[in-house]
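Asker: Quick one: the structure is below, and I'll ask about it shortly.
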Amino acid sequence: MCYRTKLNSKIASIEKALDAKFIEPDRYRPQKEINAFTFMETPVITNDNPGEINMYHWGLIPFWAKDDKIKKMTLNSKIETASEKPAFRNSVENRCLIIADGYYEWQWLDSKGKSKQKYLIQPSDQKIFTFAGIYSNWKNPETGEQVNSYSILTTEANELMSEIHNNKKRMPVVLKPNDQKAWLNGDEIQKFSFPYEVDLKAQKVS
């Protein structure tokens, strides 16, 4: 799965790498570690506005939700079943690029996970990259507030991630730069499931 990411790059570097502009740059805060369970806003590019970078909340709230409690269970979506699950099936055509410059995973060093080693994972050939994501626009029925939110798609782990994420053996879908437009344009979702992958590198983090 993927619950900790990193985006510490400068706005100018992000805009150059993705050929898109921040709509509200003052809302962007560089983060060395983003905890999914804070449901914070992070930069994304949606298929509706591929030249814009907007701030969306991590934790997808489907349009039909009565409240936002579901977001705790929608931080990730399995790519194999996203089209079937009620929380995600209405959003699979709402494609987005979730921007990062790293993510974290923990390797279990014993069978129960009492001892763990933290790793920083990054593509070998991309300093700033994107996860494949889906998004939703939800209106809070009590306040009328519009909340834009997303989920990161995950797939079967490759060889490296099977060794690191050795309890769940999953990994987020990291897109190749040449496939970012294809993802936004609605290419068949299963094209991006493993064995689709980018070359990743991992380093131990204390």
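Asker: Within the set of pairs 6 or more residues apart or between chains, which connect a residue that is surrounded by fewer than 19 Cβ atoms within 10 Å (Cβ to Cβ) inside segment 167-195 to a residue that is in a helix (DSSP H, G or I) with Cβ atoms less than 7 Å apart?
Answerer: If the second residue must be in a helix (DSSP H, G or I), the pairs left are Lys169/Ser162.
Asker: Here's something else I'd like to know. What number of residues within segment 61-91 are of a type in the set (A, V, I, L, M) and under 15 Å from Phe131 (Cβ atoms)?
Answerer: Residues flagged as of a type in the set (A, V, I, L, M) and under 15 Å from Phe131 (Cβ atoms) within segment 61-91 amount to 3.
Asker: Tell me the residue from Glu159, Glu163 that is in contact (Cβ under 8 Å) with a residue 24 or more places away in the chain and over 22 Å from Glu93 (Cβ atoms), please.
Answerer: Matching residue, one of Glu159, Glu163: Glu163.
Asker: Please specify each residue of segment 17-53 satisfying the condition of being hydrophobic (A, V, I, L, M, F, W, C), in a strand (DSSP E or B) and closer than 12 Å to Leu97 by Cα.
Answerer: Across segment 17-53, the qualifying residues are Val44, Ile45, Ile53.
Asker: Which one is farthest from the chain's Cα centre (by Cα), of the residues in segment 107-144 that are closer than 21 Å to Asn158 by Cβ and without any contact (Cβ under 8 Å) to a residue 40 or more places away in the chain?
Answerer: Leu109
Asker: Run down Ser151, Ser91, Ser77, Ser136 and say which single residue is among the polar types (S, T, N, Q), on the phi < 0 side of the Ramachandran plot, in contact with a strand residue (DSSP E or B) (Cβ under 7 Å, 6 or more places away or on another chain) and outside any strand (DSSP E or B).
Answerer: Criteria check complete, one pass: Ser91.
Asker: In addition: Hey, can you tell me all the residues within segment 104-133 that are in a strand (DSSP E or B) and of a type in the set (Asp, Glu)?
Answerer: Glu105
Asker: Let me ask something else about it. Ile14 passes all but one of (1) of a type in the set (A, V, I, L, M); (2) in contact with a Ser or Thr (Cβ under 9 Å, 6 or more places away or on another chain); (3) buried (at least 19 other Cβ atoms within 10 Å of the Cβ); (4) not in a strand (DSSP E or B); which number fails?
Answerer: Answer for Ile14: the failing condition is (2).
Asker: Can you confirm whether Lys6 is in a strand (DSSP E or B), of a type outside the set (Val, Ile, Thr), out of contact with any Ser or Thr (no Cβ under 8 Å at 6 or more places or on another chain) and without any contact (Cβ under 8 Å) to a residue 60 or more places away in the chain?
Answerer: When the stated conditions are applied, Lys6 does not pass them.
Readers should treat all values here as calculations from the given coordinates under stated rules, not as data from a laboratory. Note that this is a predicted model, so its numbers are computed, not measured. Cβ: placed from backbone, ideal geometry, glycine included. Neighbour counts: every protein chain shown.
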